[in-house]
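Novice: Please read through the structure below; I'll follow up with questions.
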Amino acid sequence: MRKLYPPITPYATHRLAVDGRHTLYVEECGQPDGLPVVFLHGGPGGGLIPEHRCFFDPARWRIVLFDQRGCGGSTPTADVEDNTTAHLVSDIEAIRLLLGIERWAVFGGSWGSTLALAYAQAHPAQVTGLIVRGVFLGRREELHWFNEADGGARMVFPEGWARYVAHIPPAERDALVEAYWRRLDSNDPQVRLAAARAWNAWEDGASTLVHDPLVPPAPEPDAAALAVARIEAHYFRHDVFLAPDQLLRDIGRIRHLPGVIVQGRYDMLCPAKAACDLAAAWPEARLEMVLAGHSAFDPAITHALVRATDALADRLDS
């Protein structure tokens, strides 16, 4: 089984003001003259961790990573104003121009897969290839699967679901995302943080293949917890700012590009149907279904992703 490449540190960091409100944290790792690739993290609002740098051979890739609007090292934290999919697509292009990169590969998992597809479809001439994992197409059926009472995830994780819905009074449970949003947007910081912790515990508790459903995940730092929950709820209540079936409708714009789709068969956050629907619309891409859950750090997914980045480097170097 392939594992992550050894830990590395950035050789350069940047702060990019993309408008009068938002400033992005950007870092570069690996080889300054290597094959350019941009890493798109999940969430939305999830932010970077050091391990994200390690899916790529640092001797071959110029690895660009950034915290999306409102999370991680980007400011202001947990801010949802002027924070939409279109804004993030524009930000990726602004980073490419800042760094003087002509074309680059795009790598994204979970929400990062959504953003990778949206960016590539908007700017296909700037993309050399895509690797997506834990596919999320932003469709209503996917949004309801995990976060609403008519979804299916509650049937798989009843213990975690019980904790998730317990935070909301019964009278409000017919629209849980909206109920959570009202609390995440409260003027009371304690109300906001309590809702964020309940939201994240439900999501984190279903992200890996092997875990104890009776033990809630360890809480994140307050700022990170609020960024994830608040920005996710903001996006989810707006159907992630995409038109219905937009990413499948526009797949023809990227079918000429090399593509790899890595999907955990037992992914409970982003079920395999989305990856299969994407592969059916994009038959030129290679779908690799592995015995894993959602997390990029489930061993089978890590193995597939590292193999995919190495193979794409071989192809781009040839």
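Since every read-out is calculated from the coordinates, none of them should be taken as a lab result. Just so it is clear, the structure is predicted and the values come from calculations on it, not from any experiment. Positions of Cβ are backbone-derived with ideal geometry, glycine not excepted, and every protein chain shown enters the neighbour counts.
Novice: Quick one: helix 111-122 against the long Cα principal axis of the chain, what's the angle to the nearest 10°, folded into 0 to 90?
Specialist: 50 degrees
Novice: Looking at the P(r) of the chain, how many percent of alpha-carbon pairs lie beyond 37 Å?
Specialist: On the way: 5343 of 50403 pairs.
For the chain, the fraction of Cα-Cα distances above 37 Å is 11 percent.
Novice: In addition: Between A281, A162, A195, where does the largest GNM mean-square fluctuation fall for the chain, given springs only between Cα atoms within less than 10 Å?
Specialist: A162
Novice: Continuing with this model, one more query. Please report, in debye to the nearest 20, how large the charge dipole of the range 141-240 is about its Cα centre when each Lys and Arg carries +1 at its beta carbon and each Asp and Glu carries -1 there. Can you show the working numbers first?
Specialist: Working: 9 positive and 17 negative charges, 61 e Å.
Here the range 141-240 has a charge dipole of around 300 debye.
Novice: Kindly express, to the nearest 10 degrees and within the range 0 to 90, the angle between helix 222-236's C-alpha long axis and the longest C-alpha principal axis of the chain.
Specialist: Helix 222-236 sits at roughly 90 degrees to that axis.
Novice: Given points 7 Å out from each Cα along the Cα-Cβ axis, report the H238 to D317 separation in nanometres with one decimal.
Specialist: If labels sit at H238 and D317, their model points lie 4.2 nm apart.
Novice: Related question: Which Cα, out of G160, W145, V132, lies furthest along the positive dipole direction of the range 130-196 (beta carbon charges, K/R +1, D/E -1)?
Specialist: Farthest towards the positive end: V132.
Novice: Sticking with the crude label model, points 7 Å out along Cα→Cβ, report the distance from A166 to L97 in nm, one decimal please.
Specialist: Those two pseudo-labels are separated by 5.1 nm.
Novice: Quick check: residue separation of R265 and D19 times 0.36 nm, minus the Cα distance between them. What number comes out in nm? All intermediate terms of the calculation are to be shown ahead of the outcome.
Specialist: Numbers: separation 246, 0.36 × 246 = 88.56 nm, distance 4.00 nm.
Result: 84.6 nm gained on full extension.
Novice: How long are the semi-axes of the equivalent ellipsoid of the range 118-191, taking √(5λ) for every eigenvalue λ of the Cα gyration tensor, in whole Å from largest down? Let's see the in-between values first.
Specialist: Working: eigenvalues 210, 62, 23 Å².
Over the Cα atoms of the range 118-191, the ellipsoid semi-axes are 32, 18, 11 Å.
Novice: Describe numerically, in nm with one decimal, the distance between label points set 7 Å from Cα along Cα→Cβ at E81 and at L291.
Specialist: It is 5.2 nm.
Novice: Something else now. As I understand it, the dipole of the chain uses +1 on the Cβ of Lys and Arg and -1 on the Cβ of Asp and Glu, about the Cα centre. Which of P50, P32, L226 lies farthest toward its positive end?
Specialist: Among P50, P32, L226, the one farthest towards the positive end of the dipole of the chain is P32.
Novice: Size of the dipole of the range 160-318 about the Cα centre, Lys and Arg at +1 and Asp and Glu at -1 on the beta carbon, nothing else charged, in debye to 20?
Specialist: Numbers: 16 positive and 22 negative charges, 38 e Å.
Its charge dipole is roughly 180 debye.
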